[in-house]
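Down below is the structure, laid out as structure tokens.
The values are calculated or read from the model by the stated rules, or taken from the named source; none is laboratory data. Every value quoted in this text rests on a predicted model; they were computed, and no experiment measured them. Cβ sites come from the backbone with ideal geometry, for glycine too, and all protein chains shown count toward neighbours. Quick note on the areas: whole protein, heavy atoms, side chains included, nothing else; ligands and nucleic acids left out. Shrake-Rupley method; radii C 1.70, N 1.55, O 1.52, S 1.80 Å.
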Amino acid sequence: MPYPENKEFQELLTKIDTHLKRKLPIAVFRKPKESQLTAVFQFGEDLFRTADFQEKGFVFAPFHSEENAVLIKPDELHKVQVPSILPTQKGELKINDIDKEVHINLVKKGIEEISTGNLKKVILSRRVDYSSSKKPVEVLQKLLANYPNAYCYLFYHPKVGMWCGATPETLVHIKNGNLSTMSLAATLPYTANTKPEWGPKEIEEQKMVSDYIREKLEHTVANFEIGKTESVRAGNLWHLKSEVKGNLPANADIKKIIMALHPTPAVCGIPTQKAKEFIKKNEGYDRSFYTGFLGEINLNSPGEISLFVNLRCMELSEGTASIYVGGGITAESNPESEWIEIQNKSLTMLNIL
């Protein structure tokens with residue numbers, strides 16, 4: 001157990017475990033760099049969905065934006081402080097090289113499509129299944145211990161399934177009429193005491209995301225501003241990030257704003273619709289909730305929304321953990337390098353298993 005004795009925290013973990021054994025819907029999360037763990041309990045197996053994000057609860061949305069997000073209703077809400085802890089020791093990791101050639105060929109196909117001018121960028125991903133006997137509550141504790149700078153969560157609904165993750169990317173945060181989001185893209189492995197050296201491919205990739213967000217929001221929000229680009233660390237990876245801020249008008253259509261941002265170029269591509277069509281035709285599997293979004297809506301107060309992109313995640317089922325991972329493909333991409341990048345990304349969830 002990675003945690004010291006803490007009665008309130010342990011009692012909540014026991015309550016979460018009991019709720020899961022009863023096969024009842026639940027969402028548990030901790031925001032980046034915060035110490036509060038929130039658990040949203042729903043009593044009853046009904047499958048609710050949000051129509052306009054005016055409801056109260058926790059939403060879990062799929063990649064395909066035409067499908068409404070699942071809503072966990074807060075029949076009971078618990079918040080506790082997560083004890084200060086040290087990361088768990090990581091064993092020697094065995095990355096699954098299966099389907100390497102398949103993924104490299106997929107990347108080549110993406111580069112070829114970009115060369116025709118139909119696409120500027122496309123995100124291509126894969127799903128890999130691993131055997132796992134870990135209990136969901138144990139997985140949650142390891143996520144909290146190892147990824148303090150990420151949005152860590154555990155989600156379950158008997159009619160949807162069980163997912164967990166540690167995502168570094170905000171979709172949108174709204175509070176008191178103020179909107180914030182981020183332009184996050186590009187990936188390099190973290191090496192101790194070494195600063196990342198970004199090449200033209202990574203810099204252009206992140207700029208595409210910033211330009212997309214500007215196009216979608218600049219005429220919708222007041223005082224729109226994109227901050228300077230910085231290197232940020234997420235677990236064993238570096239990314240390029242720019243903070244984005246603005247003010248919402250009083251009559252803002254919240255659903256329209258969320259749907260304008262989802263899916264972002266960081267999980268889909270540019271142009272969005274053509275990238276989605278390419279992904280659907282060529283990836284060879286259903287992303288489901290991977291690269292969708294999740295988070296709280298109106299849970300603390302009306303109009304307060306905090307949503308994150310579902311990256312660095314896995315789906316848990318009986319004896320199996322399905323890890324989802326992908327990377328951004330541009331004209332500058334190298335297929336072998338893209339393979340190495342998604343292998344590095346897969347370590348976030350493999351460390352937990």
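Take the conditions under 30 Å from residue 285 (Cα atoms), of a type in the set (Asp, Glu) and modelled with pLDDT under 95 and apply them to residue 46. Does it pass?
no
All conditions in (1) buried (at least 19 other Cβ atoms within 10 Å of the Cβ); (2) farther than 25 Å from residue 254 by Cβ hold for residue 71, with the sole exception of (2).
Residues of the range 208-224 being in contact (Cβ under 8 Å) with a residue 12 or more places away in the chain and either among the aliphatic types (A, V, I, L, M) or touching a strand residue (DSSP E or B) at 6+ places or on another chain (Cβ under 9 Å) (or both), which ones? Matches in the range 208-224: 208, 209, 210, 212, 213, 214, 217, 220, 221, 222, 223, 224. Applying a threshold of 6 Å to beta carbon distances and a minimum spacing of six or more residues, or different chains, the list of pairs starting in the range 225-243 at a residue that is closer than 15 Å to residue 345 by Cα and at pLDDT below 95 and ending at one that is open to solvent by 20 Å² or more (accessible area, probe 1.4 Å) and part of a strand (DSSP E or B) reads 232/241; 238/188; 238/231; 239/232.
Within the range 200-255, which residues are assigned to a helix (DSSP H, G or I) and of a type in the set (Asp, Glu)?
Of the range 200-255, the ones assigned to a helix (DSSP H, G or I) are 200-217, 254-255.
Matches in the range 200-255: 202, 204, 205, 211, 215.
Taking residues in the range 325-353 that are farther than 13 Å from residue 125 by Cα, and partners anywhere that are crowded, with 16+ Cβ neighbours inside 10 Å and of a type in the set (Gly, Ala, Ser), the pairs with Cβ atoms closer than 7 Å and at least 6 places apart or on different chains are 348/166; 348/235; 353/132; 353/321. If you go through the range 287-310 and keep only what is at pLDDT below 95 and not small (Gly, Ala, Ser), you end up with 300, 302. Scanning the range 33-81 for residues that are of a type in the set (Asp, Glu) and not in a loop (DSSP other than H, G, I, E, B) turns up just one, 76.
Go through the residues of the range 238-249 one by one and say whether even a single one is within 16 Å of the chain's Cα centre (by Cα) and open to solvent by 30 Å² or more (accessible area, probe 1.4 Å). The answer is yes; a qualifying residue exists. Checking the stated criteria, residue 192 turns out not to satisfy the condition of being out of contact with any strand residue (DSSP E or B) (no Cβ under 9 Å at 6 or more places or on another chain), open to solvent by less than 50 Å² (accessible area, probe 1.4 Å) and either modelled with pLDDT under 95 or outside any strand (DSSP E or B) (or both).
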